[in-house]
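Peer 1: Sharing a structure with you now.
The values are calculated or read from the model by the stated rules, or taken from the named source; none is laboratory data. Values in this document were obtained by computation on a predicted structure and should not be read as measured data. No Cβ is skipped: glycine too gets one built from the backbone with ideal geometry, and neighbour counts run over all protein chains shown.
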Amino acid sequence: MEPEQIFMTLFNDFANVGEVIVDPNDIDVAVHMYEEASTVAKLAWNPRYDRKLPRRLRRVSCPTLIVGAENDRLLGDEPCDRYTDLIAGATLTRIPGTGHAICIEQPEAAAQAILDFQVGVGRSQ
């Protein structure tokens, strides 16, 4: 993907993109970006399915929060939905206005979702 395509895929809200923009003309940056892109391609487009993962996730017995994007164009909704289905009692929270880069796009909203979950868990115990 060209850099513009990468940003269009990862981000829904470009307000905080300046925090992660790098100089693609710097050779060290270009090599690092290539390495990261290769890793993402290996994991996202040629996934190694772990047949044990569903069984392992069903064993999780602690309160669990799954934080997902509202519009993840890189991985879609399926991973968050699947984890929520497999972990008993898991809570799924989607952060409005986000793409794949949730913590960059909406850091305060993501942190608040985690804090709210922790407070809720604390009250129920």
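Peer 1: For residue 95, work out the one condition from (1) of a type in the set (A, V, I, L, M); (2) under 20 Å from residue 11 (Cβ atoms); (3) in contact with a Gly (Cβ under 7 Å, 6 or more places away or on another chain) it doesn't fulfil.
Peer 2: (3)
Peer 1: Mind checking whether some residue in the range 115-125 is of a type in the set (Lys, Arg) and either assigned to a loop (DSSP other than H, G, I, E, B) or at pLDDT 90 or above (or both)? Write out each step before concluding.
Peer 2: Keep residues of the range 115-125 that are of a type in the set (Lys, Arg), which gives 123.
Of the ones still in play, those that are also either assigned to a loop (DSSP other than H, G, I, E, B) or at pLDDT 90 or above (or both) are none.
Looking for residues that are of a type in the set (Lys, Arg) and either assigned to a loop (DSSP other than H, G, I, E, B) or at pLDDT 90 or above (or both), one finds none in the range 115-125, hence no.
Peer 1: Let me ask another. With respect to residue 60, is the statement that it is of a type in the set (A, V, I, L, M, F, W, C), in contact (Cβ under 8 Å) with a residue 12 or more places away in the chain, over 26 Å from residue 15 (Cβ atoms) and not in a loop (DSSP other than H, G, I, E, B) true?
Peer 2: no
Peer 1: Sticking with this structure for a sec: Cβ-Cβ under 8 Å, sequence separation 6+ or interchain: first residue in the range 79-92 and over 13 Å from residue 67 (Cα atoms), partner aliphatic (A, V, I, L, M) and surrounded by 14 or more Cβ atoms within 10 Å (Cβ to Cβ). Which pairs?
Peer 2: Listed by first residue and then by second, the contacts come to 86/57; 87/57; 87/60; 87/66; 88/60.
Peer 1: Then there's this: Given the options 72, 28, name the one that is free of Cβ contacts under 8 Å to residues at least 40 places away in the same chain and assigned to a helix (DSSP H, G or I).
Peer 2: 28
Peer 1: So, in the range 15-25, how many residues would count as being at pLDDT below 70 and over 21 Å from residue 40 (Cα atoms)?
Peer 2: 2
Peer 1: Another question, if that's okay. Would you check if residue 98 is closer than 30 Å to residue 23 by Cβ, within 17 Å of the chain's Cα centre (by Cα), part of a loop (DSSP other than H, G, I, E, B) and polar (S, T, N, Q)?
Peer 2: yes
Peer 1: What about residue 75, is it of a type outside the set (Ser, Thr, Tyr), over 12 Å from the mean Cα position of the chain (by Cα) and either under 28 Å from residue 2 (Cα atoms) or surrounded by 15 or more Cβ atoms within 10 Å (Cβ to Cβ) (or both)?
Peer 2: No.
Peer 1: Anything in the range 101-122 that is within 15 Å of residue 66 (Cα to Cα), of a type outside the set (Gly, Ala, Ser) and surrounded by fewer than 18 Cβ atoms within 10 Å (Cβ to Cβ)? List them, or say none.
Peer 2: 103, 112, 114, 115, 116, 117, 118, 121
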